[in-house]
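*Asks:* One structure follows; several queries about it will come next.
The values are calculated or read from the model by the stated rules, or taken from the named source; none is laboratory data. It should be emphasised that the depicted structure is a prediction, and the values quoted were computed from it without experimental measurement. When we count neighbours, we look across all protein chains shown, and the Cβ atoms used for this are built from the backbone with ideal geometry, even at glycine.
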Amino acid sequence: AALERDNIALMREGRGRAEPIASADDVKRWAARDGLAADQVLAAQTTLSTRDWLSAIEGRAGAAKTTTVGAIRKFAEERDYFVRGFGPTSGSVKALNEAGVLARTAARLLENPKPEKQGKELWIVDESSLLATRQVNRLLHLAREIGVERIVFVGDERQHHAIEAGRPLFQMRQAGMTVASLTAIRRQRDPALREAVELAAAGKLAESVAALSQQSRIHEIPQATDRYRAIAEDYLASHRAGQTTLVVSPAIEERTELNRVIRELLVGRGAIAREGIELATLSNLDLTRAQRAHARHYAGGDVLRLRRGSSKLGIASGSYARVEASDLKRNILRLRTESGETIEYRPGRLRGIEVFRAEARTFAVGDRIQFRAPDRALGVANGQFAMVVAIDAGQTRLRTDRGREIAATSSRLRHIDYGYASTSHAAQGATVDRVIVNVDTARGVRLVNRRQFYVSLSRARHDARIYTDSSEALARVVGREQLKTTALENLSPAQRRSLPKFKPIDIEDPFAARPKQGIRPERKVKRSQGISW
């Protein structure tokens, strides 16, 4: 709760203390020359002309947030601002790069020494709803320490939130942060489908489902095996028509089974070669920070990636280690490193730890794959899709959806999965021609909600199909709200009063008098080149 209050205090202290990048009239004249739509002009005016240190752009899925960010970046640079971008995922970083913004992940910013300031700076933080309270707090303190002039958060509160604790942008918005809205959805080319997406975005889920039903986009198949087969046939039809298609299902086990069924059908129909290459892949277990601190959440054979490394443990930055055994009583894991050494590790001791389950998968020419982790050497982002076009001696050649060809060794393809079906969390940020959504109203009742449905439906440009076990129960299940509570919301009035007070500082530089809480640089350790099991 103290971090949440600190975020709000920092936001309020920054009100009226920043210099406008430009006047609203200047932005309007410039935006008209660039051909921006009315809501984009208003968003640019709001963020560029405000005197607040922090502001936000709230945009629905497919509302051209990236285009708007690109326009803001261009205008700010013309006013001699150096623009940096940060995002919670490599996919959001890639979107910022496409907008012309020099960007990296928020995690890299917080794990490495602070960047050297380049004159006046504007920071743009994309997909900000996926950032946790602690991350936002550290980012704000770092920006204050460096002396960043302006920060703009970009995101969509209606989509998925961070797995870690908190809803920092929602809280700051509720506390009065300046927010501009992008309201016009541009992704859907079919007006009828766009209407259904707009209804879902507005929280009118029953009306959205009714519209989809009237458009004959909902198919009821009670039995899961029959439904998966129908989804696979629908996917195959799209594949033959040359359309990019994604199946979205809320549960990981459903996604795994759908990937299997679809791939088997594609192999049987000759769309994928029968012979391929077996790869040792790693599936992220997506453990929370709390889970990563306890040995009981690890199993023998699990693989840890240590993004920051540890000189004390002799583990290089970016290296891997396998769990050989666990001592639950002492809360200790015994790990074997890539060099063959055995070490004891207390879970939660190091930051930047990811936990994976090792699985063998066969990939062949014609397979559609999805990267499940970024790879800067290959130039790919987490969540990016590609097609296997050739398998040569020691190398697999891939073609991304944008036509770029990549050649990679097996050791660089540990973090890939079949790309036919995905969860909505993994699909957030993707755009495809057609989306097929699997909604099991009985089995997936704890995972299906309005955010999951909205994210899934809004991935499509041209068409969306919903396959469900019960058309009658569909509207009720997808209409569920799964609100993340914040620490402040869970406190009693007495507990709130006992928290430390953060008072605005009425001086020329409101941030100079606050204690510095910079991020200490870690010792650099030679980066590992791969895993050797």
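*Asks:* Does the range 195-206 hold any residues that are aliphatic (A, V, I, L, M), surrounded by fewer than 16 Cβ atoms within 10 Å (Cβ to Cβ) and in contact (Cβ under 8 Å) with a residue 60 or more places away in the chain, and which are they?
*Replies:* Result: 206, single match.
*Asks:* A further question follows. Please give the strands (runs of 3 or more DSSP E) falling wholly within the range 207-312 in which 1 or more residues are surrounded by fewer than 17 Cβ atoms within 10 Å (Cβ to Cβ).
*Replies:* Because the criterion is at least 1 residues that are surrounded by fewer than 17 Cβ atoms within 10 Å (Cβ to Cβ), the strands (runs of 3 or more DSSP E) in the range 207-312 that meet it are 218-220, 277-284.
*Asks:* Considering only the range 166-185, I want to know if a residue exists there that is surrounded by 16 or more Cβ atoms within 10 Å (Cβ to Cβ) and over 28 Å from residue 42 (Cα atoms).
*Replies:* yes
*Asks:* How about the range 79-101: which of its residues are within 18 Å of the chain's Cα centre (by Cα) and either among the β-branched types (Val, Ile, Thr) or not in a helix (DSSP H, G or I) (or both)?
*Replies:* 85, 86, 87, 88, 89, 93, 99, 101 - these are the residues of the range 79-101 that are within 18 Å of the chain's Cα centre (by Cα) and either among the β-branched types (Val, Ile, Thr) or not in a helix (DSSP H, G or I) (or both).
*Asks:* Going through 349, 412 one at a time, which residue ends up being within 23 Å of the chain's Cα centre (by Cα) and more than 23 Å from residue 270 (Cα to Cα)?
*Replies:* 412
*Asks:* Take residue 401 and decide whether it is over 26 Å from residue 105 (Cα atoms), outside the structural domain of residue 94 (by TED's automatic domain parsing) and not aromatic (Phe, Trp, Tyr).
*Replies:* So residue 401 does not fit the description; no.
*Asks:* Looking at the structure I just gave you, is residue 483 within 20 Å of the chain's Cα centre (by Cα), modelled with pLDDT under 70 and assigned to a loop (DSSP other than H, G, I, E, B)?
*Replies:* Taking the combined requirement at face value, the residue satisfies it.
*Asks:* Still on this model: If residue 118 satisfies every condition in (1) under 18 Å from residue 53 (Cα atoms); (2) of a type outside the set (Asp, Glu); (3) in contact with a helix residue (DSSP H, G or I) (Cβ under 9 Å, 6 or more places away or on another chain); (4) assigned to a loop (DSSP other than H, G, I, E, B) but one, which is the exception?
*Replies:* Just one mismatch for residue 118, condition (3).
*Asks:* Further question on the same structure: Take the range 394-433 and flag every residue that is assigned to a loop (DSSP other than H, G, I, E, B), modelled with pLDDT of 90 or more and among the polar types (S, T, N, Q).
*Replies:* Of everything in the range 394-433, just one residue is assigned to a loop (DSSP other than H, G, I, E, B), modelled with pLDDT of 90 or more and among the polar types (S, T, N, Q), namely 409.
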